[in-house]
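Have a look at the structure below, then the notes.
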Amino acid sequence: MDWFVIIPFLFIIFVIAIIMLQVVTTFQTQTDPYFTDPTAKAALVQTTTALQGFDTVVVLLFIGAIIGTVISGFFLNTHPVFFIMSLILTIILGLFAGAFSNIAIIFGSSEGLSSAASSFTMSEQLFTNLPVVTVIASFLGMVILYAKRRGAAGQVY
């Protein structure tokens, strides 16, 4: 259940990227009349573009985590009796993801950061649907983990 570490990690990246974009955008608007050097203006534009790229980074890291869960499910040997424990952890994961989803939505729609957060459309969509996506990914991992064909001595084929 690496999801209890992955979700806060992605949330922290999301929050830091929004705050950094807001700071750079505010700096750029307030200092634009004073910058006459085209290199400085180009550097600020490239910084803004790079920070907006974190939107894709958050989503790709989440997809990578799902793929990692599926792949690790193929290689781990567990007994099917632990399915109940995994089911309980998946329910707790859904509640955990729901809390982070609500926090991300409130953070992104706050008065001071809503303009910067509007640049992170994919991440906002991911965090809006985070409980559903994580529970589905967890069930997918459980099916792969526990539905492997086993031999007479418990060996996985």
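The values are calculated or read from the model by the stated rules, or taken from the named source; none is laboratory data. On a predicted model such as this, the values are computed, not experimentally measured, just so you know. Using ideal geometry, Cβ is built from the backbone for each residue, glycine included, and neighbour counts are taken over all protein chains shown.
Within the stretch 62-88, residues that are touching a residue at least 24 places away in the same chain (Cβ under 8 Å) reach partners that are assigned to a helix (DSSP H, G or I) and of a type in the set (Val, Ile, Thr) with beta carbons closer than 7 Å, at six or more positions or on different chains, in the pairs Ala65/Ile6; Val70/Ile144; Gly73/Ile144; Phe74/Ile144. Residue check: Val70 meets all listed conditions (1) more than 14 Å from Leu10 (Cα to Cα); (2) modelled with pLDDT of 90 or more but one, namely (2).
Listed conditions (1) over 20 Å from the mean Cα position of the chain (by Cα); (2) surrounded by 15 or more Cβ atoms within 10 Å (Cβ to Cβ) are all met by Gly98, apart from (1).
Among the numbered conditions (1) modelled with pLDDT of 85 or more; (2) closer than 27 Å to Ser110 by Cβ; (3) over 11 Å from the mean Cα position of the chain (by Cα), the only one that Pro38 does not meet is (2).
Looking at the stretch 116-134, can you tell me whether even one residue there is in a helix (DSSP H, G or I) and acidic (Asp, Glu)? Within the stretch 116-134 (the criterion being in a helix (DSSP H, G or I) and acidic (Asp, Glu)), the answer is yes, since at least one residue qualifies. Hey, any hits in the stretch 73-93 for a residue that's modelled with pLDDT under 90, more than 30 Å from Val15 (Cα to Cα) and crowded, with 16+ Cβ neighbours inside 10 Å? So far as the stretch 73-93 goes, yes, one or more of its residues are modelled with pLDDT under 90, more than 30 Å from Val15 (Cα to Cα) and crowded, with 16+ Cβ neighbours inside 10 Å. Hey, can you tell me all the residues within the stretch 10-29 that are in contact (Cβ under 8 Å) with a residue 24 or more places away in the chain and not β-branched (Val, Ile, Thr)? If the condition is that a residue be in contact (Cβ under 8 Å) with a residue 24 or more places away in the chain and not β-branched (Val, Ile, Thr), then Leu10, Phe11, Phe14, Ala17, Met20, Leu21, Gln22 are the ones that fit.
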